[in-house]
Every structure is written in C-alpha cells, then in structure tokens.
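Below is one structure, written out as structure tokens; comments come after it.
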Amino acid sequence: DLFKKETNMSQFVGLVMETDRGEIGSIQSSFGTSGKFRVNFPAGTEAKEGDPLYLRFKRYANDPKKAIHQDQSLPRARPGYRIDPPAKKKKVRGKISNGNANVVENGVDSKTPKGDRKASANIPNGSNGVGEIVKTKGDILQNGKRTVAIVSGLFSMEDDISKHKGRKVISITTPEEEGVIDGSFGKVGKCKVLFRDGISADVGSHVKMLS
C-alpha cells in the first residue's frame, strides 16, 4: 500500500526500508504493475507476509531539488549457503511379488530371457503392447462380425504407426481372432486393426500386439 500502480518506482530504487524488528533492506525494483516492489535484506529478515515495512526519510524545506535523505545504512551481507531441493526419485515400474521387484526398463522386463528381449524391445515407446478397442467398424461379415477395430493405447502421438503396419494383433478375450495393424486413425495415437475374419470382442475389450 506504499506506492500506487502509476508511481514511477525508478526514483525510489536504492532507498532503505526497515521492519518492526529493525532489519534493514533496500528497494531493488518494482514487481508487477500494481505498486508492489522487491526489497533485498543483505543480513536476512524474519519478516513474514503481512508484516509492515517502513520507509523513513527526510526532505529539507530549502532544498530546491526536494531530495530524499536517509540516516540508515545497509548492513553487511550475511554469509549464506545454497540449499538445493531434494532430488526426485525415479519411479520404478514393475510388479512386486514376495518382496522382489520385477523391473521394466526401456520396455524390457528384467526377468525376460535374453532371447525374448529383442521382441520386447520392438514395443513402441510408452506402450506395453496392450491396447483397448474403442470402436468397431467396416463391413459386416456373414458371421455377424465387423472387420475393423479402432484401438487406442498401442501407440503414442509421437510414434510413426506406418512403420508398424502389418504387425499381428490378437484379441485377449478371443485369442483365436487375429488381425494386423492397417494404419493410423486420427492424430492421437489410435490405429486401425484389420480382422479379415471379423472380430467379436466388444468395445472396451483389450488386444495385444505381437512382435
């Protein structure tokens, strides 16, 4: 409340301010456009939000410049040290069973046999190879099944789905129904899966992409 938003703060920069405890600081700059300003306390301060600050100064009647004079002086800077924020712990994805963690790194299970790790590494980034059917479309075959499923979760927005065209996909609920990636659908990582013999799995069912 000391300054109005239209006040030119440049004429007050460097002036000394004081807290109720006698701690001395100086005005550094304005802060925003509502009359707020920054104050630096070289020796530190215990002032809290809402505590008053005082700007004490003198002006002499015969001074044509109406200059501001202050008797206070800034204290020496108190030596301090930098406190770094605690390092964030990396999350470990995996299943814990009987106290042992089954860690997954870069899409590869630490317990996966070495011969199978190459296949696991083919899974796109951000995917575990399992997706969800969000829509079925295409022709209706004589068996009453649709030929196309729209699947989300197999790919991220950054993945180039065209590189995975032709990869096999099976329905988890009806594993005998097998399809292939036919291309992308929209721009949010969804893809079209073509089931030549149709798919009977309902919307919300899950499918798995094979290597």
Quiz item: Karplus couplings for the range 38-48 from phi (6.51 cos²θ - 1.76 cosθ + 1.60, θ = phi - 60°), rounded to Hz, Gly and Pro as x?
Solution: 9, 10, 9, 10, x, 9, x, 8, 9, 5, 10
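Output the peptides 132-144, 60-72 sorted from most to least packed, where packing is the average of other Cβ atoms within 10 Å over each peptide's residues. Before the final figure, lay out the partial values.
Working: 132-144: 13.2, 60-72: 9.5.
Result, highest mean Cβ count within 10 Å first: 132-144, 60-72.
Sort the following peptides by mean Cβ neighbour count (other Cβ atoms within 10 Å, averaged over residues), highest first: 41-54, 188-201, 169-182. All intermediate terms of the calculation are to be shown ahead of the outcome.
Working: 41-54: 11.6, 188-201: 19.6, 169-182: 17.1.
Result, highest mean first: 188-201, 169-182, 41-54.
No lab work stands behind these numbers, since they all come straight from the coordinates. Computed from a prediction, not measured in an experiment: that's the story for all the values here. Heads up, the Cβs are rebuilt from the backbone with ideal geometry, glycines too, and the neighbour counts pull from every protein chain shown.
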